[in-house]
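Asks: My questions will all concern the structure given below.
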Number of protein chains: 2
Amino acid sequence: MTEWQRTDETGVQRSAASTVGIGFLGCGTVGAEAVRILQNRSEEILRRTGVALEVRRVAVRDLSRDRDVPLPADAFTSDPLLVVQDPRVDLVVEVIGGIDPANFLLTEALKAGKPVVTANKELMAKFGPELLELAESAGVDILFEAAVGGGIPIIRPVTESLAGESARRIIAILNGTTNYILTRMTEDGVDLAEVLADAQRLGYAEADPTADIDGHDAAQKAAILASLAFGTRVHDEDVYREGIRDVRAHDVEMAARLGYVVKLVAIADLVPWADTFGVAVRVHPAMIPLTHPLASVRLSFNAIFLEGESVGELMFYGRGAGAGPTAVGLVGDVIDAARNLRQQARGPHLPLPATCPIVPIEDVHSHFYVRLEVADEPGVLSGVAGVFGRHEVSIQKVLQEGRAEDAELVLVTHRGREADVRATLRELVSLTAVKRLAAVFRVINGEEESSFS
Amino acid sequence: MTEWQRTDETGVQRSAASTVGIGFLGCGTVGAEAVRILQNRSEEILRRTGVALEVRRVAVRDLSRDRDVPLPADAFTSDPLLVVQDPRVDLVVEVIGGIDPANFLLTEALKAGKPVVTANKELMAKFGPELLELAESAGVDILFEAAVGGGIPIIRPVTESLAGESARRIIAILNGTTNYILTRMTEDGVDLAEVLADAQRLGYAEADPTADIDGHDAAQKAAILASLAFGTRVHDEDVYREGIRDVRAHDVEMAARLGYVVKLVAIADLVPWADTFGVAVRVHPAMIPLTHPLASVRLSFNAIFLEGESVGELMFYGRGAGAGPTAVGLVGDVIDAARNLRQQARGPHLPLPATCPIVPIEDVHSHFYVRLEVADEPGVLSGVAGVFGRHEVSIQKVLQEGRAEDAELVLVTHRGREADVRATLRELVSLTAVKRLAAVFRVINGEEESSFS
C-alpha cells in the first residue's frame, strides 16, 4: 500500500502529499475547459477514481487575458519552461499545439520524470515514437487520447482493450469540418464553395481551411491510429493524401443514386506486399455504401470503424473536436497518468519501431468510380471498356447519362491496383471520344464486407 | 526498473521469471478462443505490450473432451480450486458463468492476491461491488470488459477515458439475440414466433430463450454499466425490465410509418428525484427515431450510446457476443492485469457504494406510443383525449386507423410520468368505446435530442 491509498473508510480522505500537481502548457478554449473540469470536479474525481489532483501552474502567451478558470492569478506565467521545472508540478499537460516549442517542453518534462498528457496530433504524428521511447526510459507515461477523435475514446481501446487483437483494417472519419461540408453537400445539394463559406461564418471552418480541406489534419490522426493499431511506426508523411477540393455536387448526387455517400476517410490496412506485409495508410474522399455504419456519421461527428481478426467490426462514434469533448479526453489521461505516477507504474505505451514497410499508394487496391464526359456517338463504351480491359481493371457497373453535349459515362470498377487504374485513366483521356476525365473516387465496396448490407 | 522491464535493446527478451502464469476456470468456446489467442500470439503480445504471458492451468468439467487448444494434457484439471491455488498461476480468468462456484473461486483468488479477469455479467451485476472491495483490499485488479458488450471496449472507456466526465444518460442495445429478432421483424415484416424459431434453428437463440427474450441478460449488463457510469451501486434487481414477447409485427410496421424503429434498449439516466438525484435504469422495447445512431444497429450487433455533460454524444458499436469478440475482451484485460501485477500497481476500479437512490419506474418520464382498438363511432377521440388530459399526459400525435371492426386509435404522447400514463391506461380501458389496449411502447423522442435528426 503506498501513501496515496485510502486513509479512512469513506475513501475520500488522503494525505495532502499524495495530491498530484498539474501544470498546463497553454490555456486556450480546450485547456481552459480541462482546467475547469479538473478544479471543479476534483472531489468527484477523488471519490470516483481515488486520484487527488490540483492544477498548480499554467503557461499562457498573454498574461492579461481573462481565462475564466478557478485559479489564482499567480498560477499563470508566460514562461512555459517554468511550468515544466516547477517542483510542485508533477505532471504536464500540453495544449499549445505545433512542433516548437511543444516538442522541447515535453522532452524536458519526460527527462525530469514527469508524465505528459497531450492533445497534439501533429507532434505525435511526427515525433510520437521518439517521445514514447523517452517516456519508457524515464519510466513515466505519455498519453494522447485527445489527439485523435477528440472526446472519442479510441487510443486507449486500441492500445489496451484490443492489445491481444490483430487489426486488419481501419476506416475512419477523423475531420469534423470536412464531414460537415460533405454532409451539407449531400443533404442540401449545394457546392463546396458555398458550404465552406457558411462553415467559416459559423466558426466550423478556419479562415485558412487548408489543414482540414486538404486532409493534413486527418493524415496526422491516421498516422497515429495506424501506428498503434498495427504496432509499427507510421509518420504523417507516410500517409497518401487527397483532400475534398475537387468534390463536386454532381458526383455527390451520382453517389446517392448508386447507393453511396461521399466521405473524407482515412483508411489503414495491412496488405501482402513485396513478399511480406506492409501497412497502407491513405486519406482521400471515398464513396461509402449507404448501409455501412460510417455512412450515417453526419455533420461534424467523427467515427472510427475497425475490423479485427477475432473481434470483427467495431465502431467508435462521437464529437471529434470542440473544447468540451477534447477536454474530457485530456482529463481521462491526466487521471490515468496521475494514478500510475503515484504507483510508480506505467501504462502500456511502448515505442513504435518501424517494423513494417509502408505500401506506396500505387500498390493499393480499391474499387473506383470514374466519370467521363464523352462524345454522344456509338462505340464509345466499347472503346472505353477496351482500355480498362487492357489494364486488367474490370468493370462492375456502367451508367450512360445525358445526351449530346452532356453525354457522360459513369463506371464503377471491381477491385484494381491503383497504378493500373491510373494507367487506364491516362489512356482514356487520349481517346478522341473521351472529352474529359470529370471525376475519380475510390469506392468502399459493401459487397465485400461480411456483416452489413 | 523492475525485473519485467526490457533486458535488451530488442525489447523482446525478458527473464523467464517475469512471465505471468494464467489459470483458466472453464474452457468452453469463449475460454478456448482466449487460450488460443494468448498462446498463439504470445510473442506478438510481448513485442507490442511488453507483457509475457503463459496459460498454465485450465479447469474443465469434462476432462475427456478435446478443446483444440495448444496446451499439454496435464494442464487440465477437473478441480477449479487447484487452478486458483496453483503457485504457478499468477492470474485467474473465469469463464464458467453463473454465481456458484464462480463467486467462491474468484473470492479465493483475490484473497490470495491473484488478479481476476471475468466475462461473468451475472456475477458482476449481483456481487460486483463486493468483489471490487475485495480486490482493492488485496491490491490487485478485477477486470470485466467482456461482461458487457462482448468485444466492444466499453468498461475501460467508461471507467478510464471518461473518468472526469459527468454521464447524463446511456441508451444501449445490449442483447444480440433480441436485436436480431427485432431486425428481422422490421425488415421482413414477420412475427416474433416465426423469427424466434428461425433464430433457434440457426443457433442465434437458446432453446430456452428466457434470459434474452425477457431482458434478464440486458438487465444484468445495464446494472454493470449504470454502476460504472454513475459511480453508484446498481444491482440487477434494481433494473425495471420488460422483454419483447408482446412486440407485434403490426406495431413494428406502425413504428416505421411514424419514423421509428423498435429496439430492446437499456436506458440509464440521472434524474432529479425526491429533492436529490436518483438513477433510473430500465430495459424495455422502445421506439427509436430512425435518425438516431442506434437505429442503424442491425442484426446481432450491440451498441452503447452515451451522453455526457462535456463530451456530448458517444457511441460504441460492435459484436456483443460470440467466441472471438468475447475472447478479445478477456485478453485485453489479461494483458492489463498482468502488467499491473508485475508493477505491483492496480487499475482504476474502486468499489461502488450505493451513493445514489434508485428511482422507481413509476417516477420515470417518457414519451409513449399507445394503440387502442376502439368502436368506430363519433366522439371516441374526444373521450380518449379527455382521459389523457385529466391525468396531465399531453398528446403529441394521433392516427385514426381502420374502419368498423378494425378501427384503431394510435397516440404518441409528450413526455409523461409513468405512473400518470398507467393511470390513464387503466381509465381508458374502462371506457365503453375502447375495446382493448392493444399495445404500449415507450418512445425515445428525437426532437428532444440536440445534435441528430
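Asks: So the check is Cβ under 7 Å with 6+ separation or different chains; which pairs have a first residue in the stretch B:147-165 that's at positive phi and a second one that's part of a loop (DSSP other than H, G, I, E, B)?
Replies: Close Cβ pairs satisfying both conditions: B:Gly149/B:Leu174; B:Gly149/B:Gly320; B:Gly150/B:Gly320; B:Gly150/B:Ala321; B:Gly150/B:Gly322.
Asks: Here's something else I'd like to know. Can you tell me which residue in the stretch B:278-329 is surrounded by the most Cβ atoms within 10 Å (Cβ to Cβ), limited to those that are among the polar types (S, T, N, Q) and either within 7 Å of chain A (Cβ to nearest Cβ) or not in a strand (DSSP E or B) (or both)?
Replies: Only one residue fits best here, namely B:Thr326.
Asks: Select from the stretch A:114-140 the residues that are crowded, with 24+ Cβ neighbours inside 10 Å and within 12 Å of chain B (Cβ to nearest Cβ) and list them in ascending order.
Replies: The one that is crowded, with 24+ Cβ neighbours inside 10 Å and within 12 Å of chain B (Cβ to nearest Cβ): A:Val117.
Asks: Separate question: Mind counting the residues in the stretch B:57-96 that are closer than 20 Å to B:Ala337 by Cβ, among the acidic types (Asp, Glu) and part of a loop (DSSP other than H, G, I, E, B)?
Replies: 2
Asks: A follow-up question, please. For the stretch A:334-346: of the residues being in contact (Cβ under 8 Å) with a residue 60 or more places away in the chain and at the interface with another protein chain (Cβ under 8 Å from one of its Cβ atoms), which is surrounded by the fewest Cβ atoms within 10 Å (Cβ to Cβ)?
Replies: A:Gln344
Asks: If a residue has to be among the small types (Gly, Ala, Ser) and under 13 Å from B:Leu299 (Cα atoms) to count, how many in the stretch B:190-207 make the cut?
Replies: 2
Asks: Would you confirm, using the coordinates I've provided, whether B:Leu123 is touching a helix residue (DSSP H, G or I) at 6+ places or on another chain (Cβ under 7 Å), aliphatic (A, V, I, L, M) and over 24 Å from B:Ile267 (Cα atoms)?
Replies: no
Asks: For the structure I just gave you, tell me whether A:Thr183 is within 13 Å of another protein chain (Cβ to nearest Cβ) and at pLDDT 95 or above.
Replies: Criteria met by A:Thr183.
Asks: Let me ask something else. Only one residue in A:Arg282, A:Arg346 is charged (D, E, K, R) and modelled with pLDDT under 95. Which one?
Replies: None of the others qualify; the one that does is A:Arg346.
Asks: Could you please find all residues in the stretch A:141-166 being within 8 Å of another protein chain (Cβ to nearest Cβ) and either of a type in the set (A, V, I, L, M, F, W, C) or assigned to a helix (DSSP H, G or I) (or both)?
Replies: A:Glu145, A:Ile152, A:Arg156, A:Pro157, A:Glu160, A:Ser161, A:Leu162, A:Ala163
Asks: Return yes when B:Ala337 is within 30 Å of B:Ala268 (Cα to Cα) and in contact with a Leu (Cβ under 8 Å, 6 or more places away or on another chain) and no when it is not.
Replies: Yes; evaluated as a whole, the condition is true for this residue.
Asks: Report yes if some residue within the stretch A:97-114 is assigned to a loop (DSSP other than H, G, I, E, B), of a type outside the set (A, V, I, L, M) and within 20 Å of A:Pro351 (Cα to Cα); otherwise report no.
Replies: Looking through the stretch A:97-114, at least one residue is assigned to a loop (DSSP other than H, G, I, E, B), of a type outside the set (A, V, I, L, M) and within 20 Å of A:Pro351 (Cα to Cα).
Asks: So which of B:Gly347, B:Gly332 ends up being within 23 Å of the chain's Cα centre (by Cα) and assigned to a loop (DSSP other than H, G, I, E, B)?
Replies: B:Gly347
Asks: Looking at the stretch A:177-193, can you tell me whether even one residue there is in contact with a strand residue (DSSP E or B) (Cβ under 7 Å, 6 or more places away or on another chain) and either part of a loop (DSSP other than H, G, I, E, B) or within 30 Å of A:Gly21 (Cβ to Cβ) (or both)?
Replies: no
Asks: Filter the stretch A:290-312 down to the residues that are under 18 Å from A:Leu174 (Cα atoms) and not small (Gly, Ala, Ser) and list them by number.
Replies: The answer is A:His292, A:Pro293, A:Leu294, A:Val297, A:Arg298, A:Leu299, A:Phe301, A:Asn302, A:Ile304, A:Phe305, A:Leu306, A:Glu307.
Asks: Could you grab me the full set of residues in the stretch B:414-453 that are within 19 Å of B:Met287 (Cα to Cα), touching a helix residue (DSSP H, G or I) at 6+ places or on another chain (Cβ under 7 Å) and at pLDDT 95 or above?
Replies: B:Arg417, B:Glu418, B:Leu437, B:Ala439, B:Val440, B:Phe441
Asks: Follow-up question, since we're still on this one. Does B:Ala207 count as under 22 Å from A:Ser161 (Cβ atoms) and either part of a loop (DSSP other than H, G, I, E, B) or under 20 Å from the mean Cα position of the chain (by Cα) (or both)?
Replies: no
Asks: In this structure, is A:Thr77 farther than 23 Å from B:Ser161 by Cα and either small (Gly, Ala, Ser) or touching a strand residue (DSSP E or B) at 6+ places or on another chain (Cβ under 6 Å) (or both)?
Replies: Yes: the conditions hold for A:Thr77.
Asks: Touching a helix residue (DSSP H, G or I) at 6+ places or on another chain (Cβ under 6 Å), of a type outside the set (Phe, Trp, Tyr) and assigned by TED's automatic domain parsing to the domain that holds B:Leu270: does that describe B:Asp212?
Replies: Considered against the rule, which asks whether it is touching a helix residue (DSSP H, G or I) at 6+ places or on another chain (Cβ under 6 Å), of a type outside the set (Phe, Trp, Tyr) and assigned by TED's automatic domain parsing to the domain that holds B:Leu270, B:Asp212 comes out as yes.
Asks: Picking from A:Val247, A:Val265, which residue would you name as being farther than 21 Å from A:Glu362 by Cβ and under 22 Å from the mean Cα position of the chain (by Cα)?
Replies: None of the others qualify; the one that does is A:Val247.
Asks: Is at least one residue of the stretch B:394-413 within 14 Å of chain A (Cβ to nearest Cβ), part of a loop (DSSP other than H, G, I, E, B) and out of contact with any strand residue (DSSP E or B) (no Cβ under 9 Å at 6 or more places or on another chain)?
Replies: Looking for residues that are within 14 Å of chain A (Cβ to nearest Cβ), part of a loop (DSSP other than H, G, I, E, B) and out of contact with any strand residue (DSSP E or B) (no Cβ under 9 Å at 6 or more places or on another chain), one finds none in the stretch B:394-413, hence no.
Asks: What do you reckon, is A:Ile45 within 13 Å of chain B (Cβ to nearest Cβ) and either over 21 Å from B:Ser166 (Cα atoms) or at pLDDT below 95 (or both)?
Replies: yes
Asks: In the stretch A:310-367, what residues are within 30 Å of B:Arg41 (Cα to Cα) and among the charged types (D, E, K, R)?
Replies: Within the stretch A:310-367, A:Glu313, A:Asp333, A:Asp336, A:Arg339, A:Arg346, A:Asp363 qualify.
Asks: Determine if the stretch B:212-222 includes at least one residue that is polar (S, T, N, Q), surrounded by fewer than 24 Cβ atoms within 10 Å (Cβ to Cβ) and out of contact with any His (no Cβ under 7 Å at 6 or more places or on another chain).
Replies: Taking every residue of the stretch B:212-222 in turn, none turns out to be polar (S, T, N, Q), surrounded by fewer than 24 Cβ atoms within 10 Å (Cβ to Cβ) and out of contact with any His (no Cβ under 7 Å at 6 or more places or on another chain).
Asks: Could you grab me the full set of residues in the stretch B:355-396 that are buried (at least 20 other Cβ atoms within 10 Å of the Cβ) and polar (S, T, N, Q)?
Replies: Residue satisfying the conditions is B:Ser366 alone.
Asks: Any residue at all in the stretch B:298-309 that's hydroxyl-bearing (Ser, Thr, Tyr), assigned by TED's automatic domain parsing to the domain that holds B:Asp198 and over 18 Å from the mean Cα position of the chain (by Cα)?
Replies: No; the residues of the stretch B:298-309 include none that is hydroxyl-bearing (Ser, Thr, Tyr), assigned by TED's automatic domain parsing to the domain that holds B:Asp198 and over 18 Å from the mean Cα position of the chain (by Cα).
Residue-by-condition table, conditions (1) surrounded by 12 or more Cβ atoms within 10 Å (Cβ to Cβ); (2) modelled with pLDDT of 95 or more:
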| residue | (1), (2) |
| --- | --- |
| B:Thr7 | yes, no |
| B:Leu38 | yes, yes |
| B:Leu82 | yes, yes |
| B:Pro87 | no, yes |
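The values are calculated or read from the model by the stated rules, or taken from the named source; none is laboratory data. Values in this document were obtained by computation on a predicted structure and should not be read as measured data. Backbone-built Cβ (ideal geometry, glycine too); neighbour counts: all protein chains shown.
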